[in-house]
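*Asks:* Sending over a structure as structure tokens; questions will come in a sec.
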Amino acid sequence: MMNKYKQTAKYLIADFVTATVVWLLLNILRFYELAQYVGYTSLASFLLSPTVIKGEVLIPLFLLAIYYMSGYYNQPFGKSRINELFNTFVTVSIGVIIVFFVVILNDLPQSFNVYYIIFTTYYVLQFFLTYICRLLITTHALRKVRRREWMLNALVIGTGSQALKIRDELQKLGYRIVGFVCENPSLVPSIPREEIIGNIDDLTQLMEELPVDELVLAMELTDNEETIRILYSLYHYKRPIKIRIEKNSPLSRAAVRTIHGIPLLDVTTNNFPEAAKNIKFMMDKVISLLFLTIFSPLYIIIAIRVKMSSKGPIFFSQERIGYMGRPFTIYKFRTMYITNADEEPLLTELNDPRVTPFGRFLRKYRLDEIPQFWNVLKGDMSLVGPRPEQRYYIDQIVRKAPYYYLLHNVRPGITSWGMVKYGYAENVDKMIERLNYDIMYYENMSLTLDITILVYTVKIVLTGKGV
């Protein structure tokens, strides 16, 4: 069984132990080249000094932070040894250079040549020991996959020649096929009938009964609209979806990734680099914490004004659907009068009489949204991401636009490309129009685009063009 968390722990422990050992060896070299000339009488006294002991803890943790930010731990399986070599080279180079200039350069050597010796020794030891340990773990994992001791469970949609071709390809990638689903009963199957476990109408039941890790499309349909319809219907199951596509297929132009040279495309992930994901996550936390701290007086002022504007609570809370389809509670400053609960959720309209005068001011400058920085700090949301919706409206949206489920692969945001370019939506049809902008964001995610959206959002807040 492929355990993602256990495999990640192996890399983390190996990297930490390696960094600790290397730093210990380097400190032994530092004693003989530097420390014994500045008052340390023995190696033991130097290694047990508070500064060195602190470094034995902080330096390895610092290197782990750099490795994490590079995205190395995000995908513990399916690593390429070439990419692993490049990643190790880059991250170790960054880490060693920073440690050298911040920590080691404070030492005063007898000769400047000592600096070259220490830097070269530190870099060579850190790089080779880190890479060798990683290589051993990766090779062991690949060996487990080749022996079919570690496998992912895949359900294949299709029973024709495409499905037959993909069988061996999936096994090479470490998959176990739990069965094949017939997409069209009128087609003559190429797959043995005993391996066909149902048709497309049985999919919901099969997903509940079988241990399916991923869905794979290998269909014979020549009708591209029907292919896309089936593809969109699979987003509901919130599993990674891969599709076998030939070069002449229109879907092959999608911004998706080929897996290990096999014409198997992942249509549920975008091309946002793993390092960028981690940088975005850390930026969310840091900026949210700073905003909540620095602008706490603004929160107090708005809270008092909301309380004075009308009867009711200061904050409005509501369940929304977020990352991976998980529900969470979103927080805003209340902008409406308290009324009897409606039978169904109602979207805010332009000049909505339910909005208080002060609430209209808050909505105009998007100040009602700022309590959501707490949602970001908790990990429910991101600064930038698709707008989270209520389940009631999602159920209506996906009837016309099933691809909406793609947005659950990323955290929803306080602001979004849809909110910047389209604004608030008053009904489901307008929500679907705004959805096009959020899908565009999802397909082209980058830190540059996030910064662009934040700049536009600040402009909207300052000019009062929020409604």
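*Asks:* Mind checking the per residue accessible area of the chain for me, 1.4 Å probe, whole number of Å²?
*Replies:* 52
*Asks:* By a straight-distance test (C-alpha under 19 Å), which aspartates and glutamates pair with K277 as possible cross-link partners, with residues fewer than eight away in the same chain excluded?
*Replies:* E84, D266, D380, D438, E443, D450
*Asks:* At q = 0.11 Å⁻¹, what is the base-10 log of I(q)/I(0) for the range 130-206 according to the Debye formula with one equal point scatterer per Cα and no solvent? Please give it to two decimals.
*Replies:* Debye intensities relative to I(0), on a log10 scale: -0.38.
*Asks:* Explain nothing, just compute: Karplus ³J(HN,Hα) = 6.51 cos²θ - 1.76 cosθ + 1.60, θ = phi - 60°, for every residue of the range 201-208 in order, whole Hz, x for Gly and Pro.
*Replies:* 6, 8, 4, 4, 5, 5, 5, 6
*Asks:* Something else about it: If each DSSP helix of 4+ residues adds -39,500 (n - 2.57) and the sum is divided by the residues in the chain, what number results at 222 nm, nearest 500 deg cm²/dmol?
*Replies:* For the chain, the value works out to -16500 deg cm²/dmol.
*Asks:* Continuing with the same structure: So if R0 is 22 Å, what FRET efficiency would Q171 and D202 give, r being the distance between their Cβ atoms, rounded to the nearest 0.05?
*Replies:* 0.35
*Asks:* Mind ordering 129-136, 205-212 by average Cβ neighbours within 10 Å, highest first?
*Replies:* Averaged packing, sorted descending, gives the order 129-136, 205-212.
*Asks:* At R81 and K378, where each label point lies 7 Å from the Cα along Cα→Cβ, what is the point-to-point distance in nanometres?
*Replies:* Label at R81, label at K378, 4.6 nm between them.
*Asks:* Still on this structure, please answer the following. Taking Rh as the Kirkwood radius computed over C-alpha pairs, what is the Stokes-Einstein D of the chain at 4 °C in a medium of viscosity 1.567 mPa s, expressed in µm² per second?
*Replies:* After rounding, the answer is 50 µm²/s.
*Asks:* Here is a further query. Please report the carbon-and-sulfur percent of the accessible area for the chain; probe 1.4 Å, protein heavy atoms only, DNA, RNA and ligands left out.
*Replies:* Solvent-exposed carbon and sulfur of the chain make up 61 percent of the total.
*Asks:* List, in order, the whole-Hz ³J(HN,Hα) value for each residue of the range 285-292 obtained from phi through the Karplus relation with A = 6.51, B = -1.76, C = 1.60 and θ = phi - 60°; use x for Gly and Pro.
*Replies:* Per residue, the Karplus-derived 3J(HN,Hα) values read 5, 5, 5, 5, 4, 5, 5, 5 Hz.
*Asks:* With labels modelled as points extended 7 Å from the Cα through the Cβ direction, what inter-label distance (nm, one decimal) is found for K238 paired with K285?
*Replies:* My value for the distance between the label points is 2.3 nm.
*Asks:* Separate question: Using DSSP, restrict attention to beta bridges with both residues in the chain and report what percent are antiparallel, rounded to the nearest 5.
*Replies:* 45
*Asks:* Now, a different point. Among the lysines, which have Cα under 27 Å from the Cα of K400 when same-chain residues fewer than 8 positions away are ignored?
*Replies:* K238, K242, K421, K430
*Asks:* Which FRET efficiency value, to the nearest 0.05, do you get for L105 and L449 by plugging their Cβ-Cβ distance into 1/(1 + (r/R0)^6) with R0 = 41 Å?
*Replies:* My answer for the efficiency is 0.60.
*Asks:* If you don't mind, there's one more thing I want to ask. Within the range 141-173, list the residues whose amide N lies under 17 Å from a label point set 7 Å along Cα→Cβ of D266.
*Replies:* 142, 151-155, 170-173
*Asks:* Sequence neighbours fewer than 8 away in the same chain don't count; with that in mind, list the lysines whose C-alpha is under 22 Å from K311.
*Replies:* Filter leaves K332, K364.
*Asks:* Pull out the extension gain between V188 and R143, defined as 0.36 nm times the separation in residues minus the alpha carbon to alpha carbon distance; nm, one decimal.
*Replies:* Result for the pair: 12.5 nm of gain on full extension.
*Asks:* Ranked from highest to lowest mean number of other Cβ atoms within 10 Å per residue, what is the order of the peptides 298-309, 161-172?
*Replies:* 161-172, 298-309
*Asks:* Multiply the residue gap between Y392 and S296 by 0.36 nm, knock off their C-alpha separation, and tell me the result in nm, one decimal place.
*Replies:* 31.2 nm
*Asks:* Mind checking the alpha-carbon convex hull of the range 13-129 and giving the volume per residue in Å³?
*Replies:* Cα-based convex hull of the range 13-129, divided per residue, equals 94 Å³.
*Asks:* Using amide H atoms built 1.01 Å from N in the peptide plane, name the residues 5+ places from F316, or on other chains, whose amide H lies under 5 Å from its own.
*Replies:* K332, F333, R334
*Asks:* When you count, for each residue, the other Cβ atoms within 10 Å and take the mean per peptide, how do 356-367, 450-461 rank with the highest first?
*Replies:* 356-367, 450-461
The values are calculated or read from the model by the stated rules, or taken from the named source; none is laboratory data. Everything numeric in this text was worked out from a predicted model, so none of it was measured. Here the Cβ is made from the backbone with ideal geometry for all residues, glycine too, and neighbour counts use every protein chain on show. The protein model used for the area step is the full one, side chains on, heavy atoms only, and it has no ligands, DNA or RNA in it. Shrake-Rupley method; radii C 1.70, N 1.55, O 1.52, S 1.80 Å.
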